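Structure record follows, encoded as structure tokens.
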Amino acid sequence: MTTSAAESARIEPMVRITGLHKEFGPLHFLKGIDLDVAPGEVCVLLGPSGSGKSTLLRCINQLETFEAGEVWVGGERVGYEHDPLPDGRLKRLSDKEIAAQRARVGMVFQRFNLFPHMTALGNVMEAPIKVSGLSKEEVKPLAMSLLERVGMADRADHYPAELSGGQQQRVAIARAMAMKPELMLFDEPTSALDPELVGEVLSVLKDLAREGMTMIVVTHEMGFAREVADHVVFMDDGVVVEAGSPDDVINHPKSERLQGFIDSVL
């Protein structure tokens, strides 16, 4: 939506994933994932539960380590020093360096995970104060502008228990944006919401897409994928089954597995 396919090919990807494998004991969750996401692109991940979509996001944001492959975000190798050691091995980054990388990536989960003892404003202000060492006076105008951006400025002084699920999720999005990330990851951001509240969260995501935010979104919302995605990826059993434009993947699936998934969702 922001770049043509030809232009994307000439641009260094914001996210580049090659040969990614993730195992949990005997279970092989990711089996050689390859994925590029261009700057400003919206990539939607589709697939049944257990297909590896959320695990992939967690590897990008270093909430999970991985057994093989590479993840690059904004030209930086995730989790490891840029260049291999003389023997070819990769040196793991320090906890501080990993935290600095993670701060470049915002993540919004299925459950809102807001701090219950803090107001909406306090939740949004927390990371810039604790992680970046900014003062409350410096952070408050930014936090209020982000709450305004997601339509929650009038609820700034409300605690999570006083907000609906859709309102909490919008605050969670503002909180993730407070660190000025280069990339936003959304792990089924509407799955925990009542149906009538889904639209207000999807509206915020659409606004972010129009503003050029690079996003990877795990969702079952086909309407959102058709309208907003530049790139749709269908995963099953830890592999990418099909990938392409929304029209190619959703309207003209090539595999029986994808056709069956679309039928079940719609």
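Which one of Val217, Ala153, Ser51 is farthest out on the positive end of the charge dipole of the chain, using unit charges on Cβ (Lys, Arg +1; Asp, Glu -1) and the Cα centre as origin?
So the residue we want is Ala153.
Would you mind counting up the charge near Val204? Only other residues with Cβ under 9 Å from its Cβ, with Lys and Arg at +1 and Asp and Glu at -1. Working shown, then result.
On the way: positive: Arg149, Arg170, Lys206; negative: Glu200, Asp207.
So the surrounding residues net to +1.
Using the Cβ atoms and a cut-off under 15 Å, what net charge is assigned to the surroundings of Pro253, where Lys and Arg are +1 and Asp and Glu are -1? Don't jump to the answer; show the numbers that get you there.
Working: positive: Arg226, Lys254, Arg257; negative: Asp236, Glu242, Asp247, Asp248, Glu256, Asp263.
Once all neighbours under 15 Å are counted, the net charge is -3.
Please compute the modelled spin-label separation between Ala68 and Phe24, points set 7 Å along Cα→Cβ, answer in nm with one decimal.
The modelled label-to-label distance comes out at 2.1 nm.
Can you give me the % of accessible surface on the chain that is carbon or sulfur? Probe 1.4 Å, all protein chains present, nothing else counted. Write down the numbers at each step before the final one.
On the way: 6400 of 12520 Å².
The nonpolar share, carbon plus sulfur, comes to 51 percent.
Per residue, how many Å² of accessible area does the chain show with a 1.4 Å probe? Kindly include the intermediate steps, with their values, before the conclusion.
Working: 12520 Å² over 266 residues.
Ligands and nucleic acids excluded, the result is 47 Å² per residue.
May I ask you to list the aspartates and glutamates whose Cα is less than 17 Å away from that of Lys31, ignoring any residue fewer than eight positions away on the same chain?
Cα-Cα hits under 17 Å: Glu23, Glu64, Glu67, Glu70, Asp236, Asp237, Glu242.
If you wrap a convex hull around the Cα atoms of region 122-202, how much volume per residue is inside, in Å³? Could the numbers behind the result be given before it?
Details: hull volume 7.9 nm³, N = 81.
Cα convex hull per residue, to the nearest whole number: 97 Å³.
Convert 10 °C to kelvin, take the viscosity as 1.306 mPa s, use the Kirkwood radius over C-alpha pairs of region 109-266 as Rh, and evaluate the Stokes-Einstein diffusion coefficient in µm²/s, rounded to a whole number.
Values: Rh = 16.9 Å.
Approximately 94 µm²/s, per Stokes-Einstein.
Among bridges DSSP assigns within the chain, what percent are antiparallel (round to 5)? Could the numbers behind the result be given before it?
Working: 21 of 38 bridges.
That works out to approximately 55 percent antiparallel.
Could you order peptides 87-93, 225-231 by the average number of other Cβ atoms within 10 Å of their residues, highest first? Let's see the in-between values first.
Numbers: 87-93: 10.9, 225-231: 20.0.
Taking the mean over residues of other Cβ atoms within 10 Å, the ranking is 225-231, 87-93.
In nm, give the distance between the simple-model label positions of His158 and Lys136, each being 7 Å from the Cα along the Cα-to-Cβ direction.
2.3
The values are calculated or read from the model by the stated rules, or taken from the named source; none is laboratory data. The model shown is predicted, which means the values in this text are computed figures rather than measured ones. Neighbour counts run over all protein chains shown; Cβ positions are idealised from the backbone, glycine included. Areas reflect the complete protein model, heavy atoms only, side chains present, ligands, DNA and RNA absent. Shrake-Rupley method; radii C 1.70, N 1.55, O 1.52, S 1.80 Å.
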